[in-house]
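Encoded as structure tokens, the structure appears first; notes follow it.
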There are 2 protein chains.
Amino acid sequence: MRIFVNLILFSLIPLAFSNENSSSYLIARPLIFETQLKNINDNVNLHCTSWRFAAETNNLAPWKTIPVECADYVKDYLMGEGYVVDVERVSEEAKVYASSFESNGDGKDIWIFDIDETLLSNLPYYMEHGCGLEVFDHSKFDKWVEKGIAPAIAPSLKLYQKVIDLGYKVILLTGRRENHRVITVENLRNAGFHNWDKLILRSSNDRNKTATMYKSEKREDMVKEGYRIRGNSGDQWSDLLGSAMSERSFKLPNPMYYIP
Amino acid sequence: MRIFVNLILFSLIPLAFSNENSSSYLIARPLIFETQLKNINDNVNLHCTSWRFAAETNNLAPWKTIPVECADYVKDYLMGEGYVVDVERVSEEAKVYASSFESNGDGKDIWIFDIDETLLSNLPYYMEHGCGLEVFDHSKFDKWVEKGIAPAIAPSLKLYQKVIDLGYKVILLTGRRENHRVITVENLRNAGFHNWDKLILRSSNDRNKTATMYKSEKREDMVKEGYRIRGNSGDQWSDLLGSAMSERSFKLPNPMYYIP
């Protein structure tokens, strides 16, 4: 510790005792530089936090990639505590709400979960592909999906188990296609998800629909079959908005991509 | 500058030249304390950003006051650049979207605006009442409303003028009650808002409805009258969700209060 203090001390002595003009010049430059750097960092942080809020509140027009200047910000958020804390909070709030219903035992109360970035995390893939900086590449992403190794989002797994324990029927409603059913089931089971009631994937009929249309239609079917959609968890607003909306929706964070 | 450097220098000298054990002990305590303080600040910042994210994405159960530990965070956000940047972004995104329509000139394209914390700011009131830390007090707030001095939210005024210039009809749909019509009109005009098509306030029939119900019913009426609700700007999800929803909704930030 003394070495550290001495280093500061000795580096300051020449400045403190030298001529007013030259010393203020010498010390002023790095200080101003550091202040500018801090200001730039603060501005980037402010700008990217604002961008993230706009994205998460569905205020942005459809976007394909994240702003270039927010690349580090988004990576830091995803790899740091920010994302974990946010995902945990969504799960906790959903658990409180789920527990507030007294099931009447008719098996008609359902909870819908999206899969990607809701139950399973594709962060290992996106870390290799710019975390939103690269335009989404279907064929590359499909190869990742076909590995079947996407890990569970731990707080979502807890919520999943809780709603099953509470007696809700769980419907998995995903934008993944039918040809990925087997690997998706395998991946989900390996990640700890079991006992869902139905897994709905995009059939060839759904191919040209937006996610909002496709998921709305599927929810409408559920309502027609007499189900009460009590909760819906998804990382995209297209999981949550549209027709036959859930009584409560839970938006998980996703600053990497946007699906209309 | 030299005075500043000398102050640092002289405060460090006794530590640098004193005995190893005592100096490391003396210097270690404030450093550890500062690190702890920084960690506490970082944690509060992380926690309150996460809370704000959950509030703005409608993930929280109905809440009455902000978390006590986030009081300074919310105030700093509102009084600092954060709120301004966020409000400007919502306005800019809405303008881009509003401009994307080619009006067919039938006068049926409408844009709905909420009033409080959307067009007019009650920050002068909330600054005196804890910025969300105090439970909402109707009679105190009414007295503030009756002064009619709430300032315009500048970026919202720009959006307002833009959508009128583009040929949209503007509907103001507010939770304020009919008995505040005169003062509300006066306040709006003084703040620069003119040429709206309709100002809808809560009548006595609407008193026991949630904001979501009341605003949904009013939107349903508009749709029945043949209007196309192209855009809707509000700081509460109860301004935006429900039935007869707008084609695009724009959620302004409001970390101070929640209206169901």
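The values are calculated or read from the model by the stated rules, or taken from the named source; none is laboratory data. Owing to the predicted nature of the structure, the values given are computational and were not obtained by experimental measurement. As a convention, Cβ positions derive from the backbone with ideal geometry for all residues, glycine included, and neighbour counts pool all protein chains shown. We work out accessible area using only protein heavy atoms, side chains counted, and drop any ligands, DNA or RNA first. Shrake-Rupley method; radii C 1.70, N 1.55, O 1.52, S 1.80 Å.
How many of the residues making up the stretch B:81-116 are among the small types (Gly, Ala, Ser), within 14 Å of chain A (Cβ to nearest Cβ) and in contact with a strand residue (DSSP E or B) (Cβ under 7 Å, 6 or more places away or on another chain)?
We begin by selecting, within the stretch B:81-116, every residue among the small types (Gly, Ala, Ser); these are B:82, B:91, B:94, B:98-100, B:103, B:105, B:107.
Those left that are additionally within 14 Å of chain A (Cβ to nearest Cβ): B:82, B:91, B:94, B:98-100.
Right, trim to in contact with a strand residue (DSSP E or B) (Cβ under 7 Å, 6 or more places away or on another chain) and you get B:94, B:98.
Going through the stretch B:81-116 one residue at a time, the tally reaches 2.
Go through the stretch A:167-178 and give me each residue that's farther than 21 Å from A:SER238 by Cβ and open to solvent by 60 Å² or more (accessible area, probe 1.4 Å). So that I can check it myself, show each step before the final result.
Taking the stretch A:167-178 and keeping what is farther than 21 Å from A:SER238 by Cβ, we get A:167-169.
The one that is farther than 21 Å from A:SER238 by Cβ and open to solvent by 60 Å² or more (accessible area, probe 1.4 Å): A:LYS169.
Quick one: in the stretch A:192-246, which of the residues that are among the aliphatic types (A, V, I, L, M) and within 20 Å of the chain's Cα centre (by Cα) is farthest from A:ARG177 (Cα to Cα)? Don't jump to the end; show me each part of the working.
Step one: list which residues in the stretch A:192-246 are among the aliphatic types (A, V, I, L, M), which gives A:199-201, A:211, A:213, A:222-223, A:229, A:240-241, A:244-245.
Now drop any that are not within 20 Å of the chain's Cα centre (by Cα), which leaves A:211, A:240-241.
Details: A:ALA211: 12, A:LEU240: 19, A:LEU241: 21 Å.
The extreme case among them is A:LEU241.
Condition check ((1) at negative phi; (2) of a type outside the set (A, V, I, L, M)) across all residues:
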{"site": "A:GLY148", "(1), (2)": "no, yes"}
{"site": "A:ILE183", "(1), (2)": "yes, no"}
{"site": "A:ASN187", "(1), (2)": "yes, yes"}
{"site": "A:HIS194", "(1), (2)": "yes, yes"}
{"site": "A:LYS209", "(1), (2)": "yes, yes"}
{"site": "A:ASP221", "(1), (2)": "yes, yes"}
{"site": "A:ARG248", "(1), (2)": "yes, yes"}
{"site": "A:PRO255", "(1), (2)": "yes, yes"}
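Could you check how many residues of the stretch B:94-139 are assigned to a helix (DSSP H, G or I), farther than 17 Å from B:ARG177 by Cα and more than 12 Å from the chain's Cα centre (by Cα)? Reasoning before the result, please.
Taking the stretch B:94-139 as the starting set, the residues that turn out to be assigned to a helix (DSSP H, G or I) are B:94-99, B:123-128, B:130-132, B:138-139.
Filter once more, keeping what is farther than 17 Å from B:ARG177 by Cα: B:94-99, B:123-128, B:130-132.
Checking which are more than 12 Å from the chain's Cα centre (by Cα) leaves us with B:94-99, B:124-125, B:127-128, B:130.
Of the residues in that region, 11 qualify.
The set of residues from the stretch B:62-71 being closer than 14 Å to B:ASN45 by Cα and out of contact with any helix residue (DSSP H, G or I) (no Cβ under 8 Å at 6 or more places or on another chain) comprises just one member, B:VAL68.
The numbered conditions (1) open to solvent by less than 10 Å² (accessible area, probe 1.4 Å); (2) farther than 28 Å from B:ASP137 by Cα are all true for B:GLU225 except (1). Considering the stretch B:33-48, and only residues there that are within 11 Å of chain A (Cβ to nearest Cβ) and without any contact (Cβ under 8 Å) to a residue 12 or more places away in the chain, the residue that is nearest to A:VAL96 (Cα to Cα) turns out to be B:LEU46. Return yes or no: is B:PHE141 of a type outside the set (S, T, N, Q), out of contact with any helix residue (DSSP H, G or I) (no Cβ under 6 Å at 6 or more places or on another chain) and closer than 30 Å to B:LYS224 by Cα? When the stated conditions are applied, B:PHE141 does not pass them. If you filter the stretch A:59-80 down to residues that are more than 7 Å from chain B (Cβ to nearest Cβ) and farther than 14 Å from A:LEU133 by Cβ, you find that the one that is least open to solvent (accessible area, probe 1.4 Å) is A:GLY80. Among the residues making up the stretch A:40-58, those that are surrounded by fewer than 19 Cβ atoms within 10 Å (Cβ to Cβ) and in contact with a helix residue (DSSP H, G or I) (Cβ under 8 Å, 6 or more places away or on another chain) are A:VAL44, A:ASN45, A:LEU46, A:HIS47. The stretch B:143-260 holds helices (runs of 4 or more DSSP H) entirely within its bounds, and those carrying 3 or more residues that are in contact (Cβ under 8 Å) with a residue 24 or more places away in the chain, more than 14 Å from every other protein chain (Cβ to nearest Cβ) and more than 26 Å from B:ARG52 (Cα to Cα) map to B:154-165, B:181-190, B:211-224. Only a single item in (1) open to solvent by 10 Å² or more (accessible area, probe 1.4 Å); (2) touching a strand residue (DSSP E or B) at 6+ places or on another chain (Cβ under 8 Å); (3) under 22 Å from A:TYR97 (Cα atoms) is not met by A:LEU199, and it is number (3).
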